[in-house]
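Q: One structure is given below, represented as structure tokens, and several questions about it will come after.
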Amino acid sequence: MSTTDHADHSRRDFLYIATGAVGGVGAVLTAWPFISQMNPDASVLALASIEVDLAPIKEGQAVTIKWRGNPVIIRNRTKKEVEDADAVKLEDLKDPVARSAVAKEGDPATDANRVVKGHENFIVMMGVCTHLGCVPDGNSPLREYALVEGTAKTGGWFCPCHGSQYDTSGRIRKGPAPENLAVPPYKFLTDSKIQIG
Amino acid sequence: MSGQSNYVPTTAFGKWMHARLPIYALMKETALDFPTPKNLNYWWTFGGILAMMLVVQIVTGIVLVMHFTPHVDMAFNSKELITRDVNYGWLIQKLHETGASMFFIAVYIHMFRGLYYGSYKAPREVLWMIGVIIYLIMMATAFMGYVLPWGQMSFWGAKVITNLFSAIPFVGPSITTWLWGGYSVDNPTLNRFFSLHYLLPFVLAAVVGLHIWALHVPGNNNPTGVEVKSGQDTLPFHPYYTMKDSFAIAIFLMFFAFWVFYRPDYLGHAINYQQANPLVTPAHIVPEWYYLPFYAMLRAIPSKLGGVLVMFGSILTLFFLPWLDTSRVRSGTYRPLFKGLFWILVIVCILLGYLGSKPAEGNAVWYARILTLYYFVHFYVFLPILGLLESPKPLPSSISDDVLAKSKKHALAPAE
């Protein structure tokens, strides 16, 4: 009797484990739609591209537009701002990667990699601080602040939430933010019109 | 919730019901007759106050939902219209809004009472840990509730807090997109927060049920920290503690009413009377007061992931507390060194809260770093060592002895 019992047990154990395994896989598969429904829906994904006319933005002016629910900063930089951005040495940067969709992934964070060639005066980037997502304010070109200890700079962006400072190319220089402001994918349709997304 | 009830039904209906669902026997045993230490002071009434606050928040919340529209274009106005147009909306909305703050005042007193009297020690570890879970659910609920009026602080608070998850390596950004249901805090976010804000209080009620169950197995701790030894040490919960709790609740409601009627906006932020604007961040964003100490910790650490880990770590530390405190003596009353360190910890938490409300500039960041470090040193260095170094005062042999000794002192006083 004890032998039949033993045989029964191993057969039961197998059925028990197999049933449990099938049930477990089923539970995970059933859970997936309930998790996935929280991801962006089709209508959110459909808002993926917009066109912006740059002609009204004069030198030294900036506009903020909304793309996919987030602010995009477009600034027509002054000559000095572009020169300031170019003059920065790569080793002084906190984040040496361009974070730019108009350059190749992983390219160094030179100013040239964060703008479109021939339109170097226009910087187009997400107005989303890479720390916790606040919108950085444009610094007055007259207000001086220290990017690196001991060096005074003007212009750039300052995040009011936790004090991250970005230079005139939108690169993180000081404060808690880990990355440069992201440059979204965009292209020039004409000399004064871009399409973002 | 153990042992045989001595309840014997007397009426015919009572007998009929008792044979089918002995609910009255359960209530009598666990609530009315429950043996409770006879020396509980007023710090022990905050459990009852918290239960009352949960009911207040659920009742006012259900009413608010009848008038609220969870849509980015209408949420802000619908909340304003509740306070202006809905009959008694001004009262019910403010009860709910200030009620959140009252809830947190009560929970902080309740938690610090547990810290002082060693209520987290064996055999109450599970009771304490369920309490920490309740606190976490409360924080999540309050956070999502604060987003619903869709003001500037609602929006940017939501954005900053959900962005904390983006600090997680590799999967962080996908998690935030999933939480938002888009590329930023937007209508899908408002909708899901509304859904969860309605759900979580009922989850809370269920976990509070577990908390009370876990309380009824070992029974209440008490100011001496000495376990109940005989029937001499206890009183039935009703009428002794139903009365004491009711009195404390009445006083607390007066405090609550003061804020609702005379300072309805003091605990909030003026900027939240501006509708959410995803393109402009207010100059100075701060969370509600009850999160400020954690916010100070978050900003004290000069690294995004580090700040997030320290902030969550400060709360997770409380889960390990029963095993970090090595002292055999439960109550802080008999622990001279612990008592001092306890009050320093209280002051440190208040100072961190103060720093959390200030801009993170200059010396404030350094103070926050020192205080954050102290918070962790208290739990991970002082508490384990203290149990070995400290020589506690002699404990009373029983709760009764302690009560008698105290009443003798009082009786002698006028004769002198």
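Q: So, in the stretch B:242-279, of the ones that are without any contact (Cβ under 8 Å) to a residue 40 or more places away in the chain and under 23 Å from B:Asp73 (Cα atoms), which residue ends up least open to solvent (accessible area, probe 1.4 Å)?
A: B:Leu279
Q: While we're here: In the stretch B:235-283, what residues are over 14 Å from B:Trp156 (Cα atoms), assigned to a loop (DSSP other than H, G, I, E, B) and not aliphatic (A, V, I, L, M)?
A: Correct list: B:Arg263, B:Pro264, B:Asp265, B:Tyr266, B:Gly268.
Q: Can you find a residue in the stretch A:42-61 that is within 30 Å of B:Leu179 (Cα to Cα) and at pLDDT 90 or above?
A: Looking through the stretch A:42-61, at least one residue is within 30 Å of B:Leu179 (Cα to Cα) and at pLDDT 90 or above.
Q: In the stretch B:399-414, which residue that is charged (D, E, K, R) and open to solvent by 70 Å² or more (accessible area, probe 1.4 Å) is modelled with the lowest pLDDT?
A: Step one: of the stretch B:399-414, the residues charged (D, E, K, R) are B:401-402, B:406, B:408-409.
Adding the requirement that they be open to solvent by 70 Å² or more (accessible area, probe 1.4 Å) leaves B:401, B:406, B:408-409.
Numbers: B:Asp401: 92, B:Lys406: 87, B:Lys408: 83, B:Lys409: 79.
This residue is B:Lys409.
Q: Right, A:Val102: within 17 Å of the chain's Cα centre (by Cα) and free of Cβ contacts under 8 Å to residues at least 60 places away in the same chain or not? Please lay out each step first, then the result.
A: Details: within 17 Å of the chain's Cα centre (by Cα): yes; free of Cβ contacts under 8 Å to residues at least 60 places away in the same chain: no.
The answer is no for A:Val102.
Here's the yes/no breakdown for (1) under 17 Å from B:Phe143 (Cβ atoms); (2) surrounded by 16 or more Cβ atoms within 10 Å (Cβ to Cβ); (3) within 14 Å of chain A (Cβ to nearest Cβ); (4) under 21 Å from the mean Cα position of the chain (by Cα):
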| position | (1), (2), (3), (4) |
| --- | --- |
| B:Arg299 | no, yes, yes, no |
| B:Ser303 | no, no, yes, no |
| B:Met311 | yes, yes, yes, yes |
| B:Ser314 | yes, yes, no, yes |
| B:Thr317 | no, yes, no, yes |
| B:Leu321 | no, yes, no, yes |
| B:Arg330 | no, yes, no, no |
| B:Tyr334 | no, yes, no, no |
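Q: Which of (1) within 25 Å of the chain's Cα centre (by Cα); (2) more than 20 Å from B:Leu318 (Cα to Cα); (3) touching a residue at least 40 places away in the same chain (Cβ under 8 Å) is the odd one out, the single condition B:Phe376 does not satisfy?
A: Result: B:Phe376 fails condition (2) only.
Q: (1) at pLDDT 95 or above; (2) open to solvent by less than 50 Å² (accessible area, probe 1.4 Å): which one isn't true of B:Ser195, the others all being true?
A: With respect to (1) at pLDDT 95 or above; (2) open to solvent by less than 50 Å² (accessible area, probe 1.4 Å), B:Ser195 is out only on (2).
Okay, residues lined up against (1) of a type in the set (Phe, Trp, Tyr); (2) in contact with a helix residue (DSSP H, G or I) (Cβ under 7 Å, 6 or more places away or on another chain); (3) closer than 21 Å to B:Tyr273 by Cα:
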| position | (1), (2), (3) |
| --- | --- |
| B:Arg113 | no, yes, no |
| B:Pro123 | no, no, no |
| B:Val126 | no, yes, no |
| B:Ile133 | no, yes, no |
| B:Ala140 | no, yes, no |
| B:Tyr146 | yes, yes, yes |
| B:Gly151 | no, yes, yes |
| B:Gly157 | no, yes, yes |
| B:Gly181 | no, yes, no |
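Q: Pull out all pairs, ordered by first then second residue, where Cβ-Cβ is under 7 Å, the residues are six or more apart or on different chains, the first lies in the stretch B:280-296 and is within 14 Å of another protein chain (Cβ to nearest Cβ), and the second is in a loop (DSSP other than H, G, I, E, B) and open to solvent by 30 Å² or more (accessible area, probe 1.4 Å).
A: Final answer for the pair search is B:His284/B:Pro359.
Results for (1) under 24 Å from B:Lys304 (Cβ atoms); (2) part of a loop (DSSP other than H, G, I, E, B), shown as yes or no for each residue.
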{"site": "A:Ile65", "(1), (2)": "no, no"}
{"site": "A:Pro71", "(1), (2)": "yes, no"}
{"site": "A:Ile74", "(1), (2)": "no, no"}
{"site": "A:Lys104", "(1), (2)": "no, yes"}
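Q: Give the residue that is surrounded by the most Cβ atoms within 10 Å (Cβ to Cβ), with candidates limited to residues of the stretch A:32-71 that are within 9 Å of chain B (Cβ to nearest Cβ) and of a type in the set (D, E, K, R).
A: The residue in question is A:Arg68.
Q: Applying the selection to the stretch B:23-68, what residues are outside any helix (DSSP H, G or I) and either among the small types (Gly, Ala, Ser) or surrounded by 15 or more Cβ atoms within 10 Å (Cβ to Cβ) (or both)? Show your work before the answer.
A: Going residue by residue through the stretch B:23-68, those that are outside any helix (DSSP H, G or I) are B:33-41, B:66-68.
Across the stretch B:23-68, the qualifying residues are B:Asp33, B:Phe34, B:Thr36, B:Pro37, B:Lys38, B:Asn39, B:Leu40, B:His67, B:Phe68.
Q: Among the listed residues B:Leu179, B:Leu204, identify the single one that is surrounded by 15 or more Cβ atoms within 10 Å (Cβ to Cβ), within 8 Å of chain A (Cβ to nearest Cβ) and not small (Gly, Ala, Ser). Working first, answer last.
A: Details: B:Leu204 fails: within 8 Å of chain A (Cβ to nearest Cβ).
Among B:Leu179, B:Leu204, only B:Leu179 is surrounded by 15 or more Cβ atoms within 10 Å (Cβ to Cβ), within 8 Å of chain A (Cβ to nearest Cβ) and not small (Gly, Ala, Ser).
Q: Test of understanding: among B:Ser166, B:Ser184, which residue is at the interface with another protein chain (Cβ under 10 Å from one of its Cβ atoms), buried (at least 18 other Cβ atoms within 10 Å of the Cβ) and part of a helix (DSSP H, G or I)?
A: Details: B:Ser184 fails: part of a helix (DSSP H, G or I).
Sole residue among the options that is at the interface with another protein chain (Cβ under 10 Å from one of its Cβ atoms), buried (at least 18 other Cβ atoms within 10 Å of the Cβ) and part of a helix (DSSP H, G or I): B:Ser166.
Q: Would you mind finding the one in A:Pro136, A:Pro185, A:Pro160 that is within 11 Å of chain B (Cβ to nearest Cβ) and at pLDDT 90 or above?
A: A:Pro136
Q: Still on this structure, please answer the following. Considering every residue within the stretch A:77-88, establish whether at least one is within 14 Å of chain B (Cβ to nearest Cβ) and either of a type in the set (Lys, Arg) or farther than 21 Å from A:Val183 by Cα (or both). Working first, answer last.
A: Here is the first cut: in the stretch A:77-88, the ones within 14 Å of chain B (Cβ to nearest Cβ) are none.
The answer is no, given that none of the residues of the stretch A:77-88 is within 14 Å of chain B (Cβ to nearest Cβ) and either of a type in the set (Lys, Arg) or farther than 21 Å from A:Val183 by Cα (or both).
Q: What number of residues in the stretch A:86-143 are among the basic types (Lys, Arg) and either surrounded by 23 or more Cβ atoms within 10 Å (Cβ to Cβ) or in contact with a Pro (Cβ under 9 Å, 6 or more places away or on another chain) (or both)? Please lay out each step first, then the result.
A: Looking only at the stretch A:86-143, we keep the residues that are among the basic types (Lys, Arg), and these are A:89, A:94, A:99, A:104, A:114, A:117, A:143.
Now narrow it down to the ones that are either surrounded by 23 or more Cβ atoms within 10 Å (Cβ to Cβ) or in contact with a Pro (Cβ under 9 Å, 6 or more places away or on another chain) (or both): A:94, A:99, A:114.
Residues meeting the conditions: 3.
Q: Is it the case that some residue within the stretch B:137-155 is open to solvent by 40 Å² or more (accessible area, probe 1.4 Å), among the β-branched types (Val, Ile, Thr) and either touching a Cys at 6+ places or on another chain (Cβ under 6 Å) or modelled with pLDDT of 95 or more (or both)?
A: Scanning the stretch B:137-155, I find no residue that is open to solvent by 40 Å² or more (accessible area, probe 1.4 Å), among the β-branched types (Val, Ile, Thr) and either touching a Cys at 6+ places or on another chain (Cβ under 6 Å) or modelled with pLDDT of 95 or more (or both), so the answer is no.
Q: Answer with yes or no whether B:Val217 is away from chain A (no Cβ under 14 Å), touching a residue at least 40 places away in the same chain (Cβ under 8 Å) and more than 29 Å from B:Gly268 (Cβ to Cβ). Spell out the reasoning first.
A: Numbers: away from chain A (no Cβ under 14 Å): yes; touching a residue at least 40 places away in the same chain (Cβ under 8 Å): yes; more than 29 Å from B:Gly268 (Cβ to Cβ): yes.
The answer is yes for B:Val217.
The values are calculated or read from the model by the stated rules, or taken from the named source; none is laboratory data. Because the structure is a prediction, the values reported are computed rather than measured. We place every Cβ from the backbone using ideal geometry, glycine too, and count neighbours over all the protein chains shown. Accessible surface is based on the protein model in full, side chains and every heavy atom, while ligands, DNA and RNA are left aside. Shrake-Rupley method; radii C 1.70, N 1.55, O 1.52, S 1.80 Å.
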